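Worksheet: the structure to be examined is printed underneath.
Nothing in this text is a laboratory measurement; each read-out follows from the coordinates by a stated rule. Computed from a predicted structure; not experimentally measured. As a convention, Cβ positions derive from the backbone with ideal geometry for all residues, glycine included, and neighbour counts pool all protein chains shown.
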Amino acid sequence: MIPGDEQAGALPGASAAPRAAVTLVDVAARAGVSLKTASRAVNGEPHVAEETRRRVVEAADALGFRLNSMASMLRRGIRSSVVGFVTGDLANPFYAAIASGIEQELRGHGMQLVVASTDEDPVPERELVDELVSRQVRALVVVSTRASHAELASVQERGVRVVLVDRPPVGLEADTVLLDSVAGARTAVEHLLAHGHRRIGFVGDFSRLSTHHERLTGFGEAMTAAGVDDWRRWVREDRHDAASARSGVSDLLALPEPPTALFASNNRVTTGTLSALRGLAVPPALVGFDDFDLADVLGVTVVAHDTVEMGRQAARLALAAGEPPRCVVVPTRLVPRGSGEVAPGVSWR
C-alpha cells in the first residue's frame, strides 16, 4: 500500500464476521492500472484519463473498497474542523452538560461539534462511530457502553483522536476524563453513617457500566469499614431510568427491615427515588450522586461535580494532537441540603 493508508473494510463493529480488508493494490489489479494511477484516481487528483478513472472507481465499488479520507486529508495537511461526540442519552442533563463543555471549548478554537446518542446500546454506538469517522471528524469524544474498546484502535490508526469520557477505556490506550466515583460514593455513605444510619440502600444504574461498579465499590467500602457486612441485601441494580428506580426503591421499602437511608447512584435514579418517597410521612434519608435542577429547592443532598468542566477537559484532550494519552480525574464534593442530614426515623421534609 502506498503512503496515505488508503484502505477499505468496515469500521469497528460494522460487520459480525471479520474479513481481510480490501486494499488499493487489489483495486489497481482489478482495474488493470498501476498502484500510483489507482491512488490518483481514487483521490480525485488531476492528470488521470476519465476512462481510467471510471475503471478504477468501478473496481473499487465492486470490491467494496472505501478510501480512508481522513488519512488522505492529513497527507495533504488538511485538518477537519469537526469533533464528534457519541453519548448515551442527550435527554439526560448530565450528558447535555458534557456536550455544552465540549462545545464551549471548541468554539474558542473555531471548531464545531456534532452530537449523536446511542441510548446506551453498543450496536448503534459502533454504527455512529463508523458514520462520524467516514464524515472525517478530527476527533471523537465517546461515552461508551461497550465492554471492550480494542476495536477503536483502528479509528486511532486513521488519524482520529479518541477521548473516552465518564467510563475508562478497556483494551485501548486513549485519553480519558473520569469522575472520582469511588470517592464520591464513599463520601456519601460515610455521611449517612455519621448520622446514625446502618441500613442504607443502594439504587444503581445498569450493572454492566463501569460507573455503576465504581459507585457500588465506594458504597461497599464505606459500609464494610463501618462493620455492616450484609450490605448487599439493600442493593438494587439495573435501574437505568426513573421508573425502574422508583420500582427498586419501593422494593427496598417493602423489606421486613427496610433501609433508613438511600444512596441513589445518578441523577435519573435520584428522580425515581424521590417519586417513590412521595407521600411518606417519614421518608428515608437520601443522598444522590449528580446534582440536578431543583435539588436545592427540594432540599436533596447530593454528590456534585463540574460536569461542564468534564466536557472542556475532553475537548482539550481531543485537540492535543501528537501528545500521549492522558487521564483527567474530575473531583466530587458533598453538598448537604437537608435530606442526608437526619437520623433514622426523623423526617427531612
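Quick check on this structure: which one of GLU237, GLU221, GLU214 is out of contact with any strand residue (DSSP E or B) (no Cβ under 9 Å at 6 or more places or on another chain) and among the acidic types (Asp, Glu)?
On the way: GLU237 fails: out of contact with any strand residue (DSSP E or B) (no Cβ under 9 Å at 6 or more places or on another chain); GLU214 fails: out of contact with any strand residue (DSSP E or B) (no Cβ under 9 Å at 6 or more places or on another chain).
When all the criteria are applied, what remains is GLU221.
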Qualifying positions in the stretch 284-307 - surrounded by fewer than 18 Cβ atoms within 10 Å (Cβ to Cβ) and in a helix (DSSP H, G or I): ASP296, VAL297, LEU298
Collect the residues in the stretch 197-241 that are within 20 Å of ALA254 (Cβ to Cβ), in contact (Cβ under 8 Å) with a residue 24 or more places away in the chain and not β-branched (Val, Ile, Thr), keeping them in residue-number order. HIS197, ARG198, ARG199, GLY201, PHE202, GLY204, TRP231, TRP234, ARG236, GLU237, ASP238, ARG239
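Take ALA343 and decide whether it is of a type in the set (A, V, I, L, M), part of a loop (DSSP other than H, G, I, E, B) and more than 20 Å from LEU172 (Cβ to Cβ). Please lay out each step first, then the result.
Details: of a type in the set (A, V, I, L, M): yes; part of a loop (DSSP other than H, G, I, E, B): yes; more than 20 Å from LEU172 (Cβ to Cβ): yes.
Spelling it out, ALA343 is indeed of a type in the set (A, V, I, L, M), part of a loop (DSSP other than H, G, I, E, B) and more than 20 Å from LEU172 (Cβ to Cβ).
If only one of LEU280, LEU274 is in a loop (DSSP other than H, G, I, E, B) and free of Cβ contacts under 8 Å to residues at least 40 places away in the same chain, which one is it? Spell out the reasoning first.
Details: LEU274 fails: in a loop (DSSP other than H, G, I, E, B).
Sole residue among the options that is in a loop (DSSP other than H, G, I, E, B) and free of Cβ contacts under 8 Å to residues at least 40 places away in the same chain: LEU280.
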Selection over the stretch 95-119 where residues are closer than 23 Å to SER207 by Cα and crowded, with 19+ Cβ neighbours inside 10 Å yields a count of 4
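Residues are listed down the side, and each one gets a yes or a no for (1) buried (at least 24 other Cβ atoms within 10 Å of the Cβ); (2) touching a His at 6+ places or on another chain (Cβ under 8 Å); (3) in contact (Cβ under 8 Å) with a residue 24 or more places away in the chain:
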residue: ALA314; (1), (2), (3): yes, no, yes
residue: ALA318; (1), (2), (3): yes, no, yes
residue: ARG333; (1), (2), (3): no, yes, yes
residue: TRP348; (1), (2), (3): no, no, yes
Select from the stretch 170-194 the residues that are outside any helix (DSSP H, G or I) and not aliphatic (A, V, I, L, M) and write down the one among them that is nearest to ALA304 (Cα to Cα). ASP180
Of a type in the set (Ser, Thr, Tyr) and in contact with an Asp or Glu (Cβ under 9 Å, 6 or more places away or on another chain): is that true of SER250 in this structure? no
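Sort through LEU216, LEU192, LEU262 and tell me the only one that's under 20 Å from THR301 (Cα atoms), crowded, with 19+ Cβ neighbours inside 10 Å, within 19 Å of the chain's Cα centre (by Cα) and among the hydrophobic types (A, V, I, L, M, F, W, C).
None of the other options fit; the residue is LEU216.
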Looking at the structure I just gave you, is ALA222 small (Gly, Ala, Ser), touching a Leu at 6+ places or on another chain (Cβ under 7 Å) and surrounded by fewer than 24 Cβ atoms within 10 Å (Cβ to Cβ)? yes
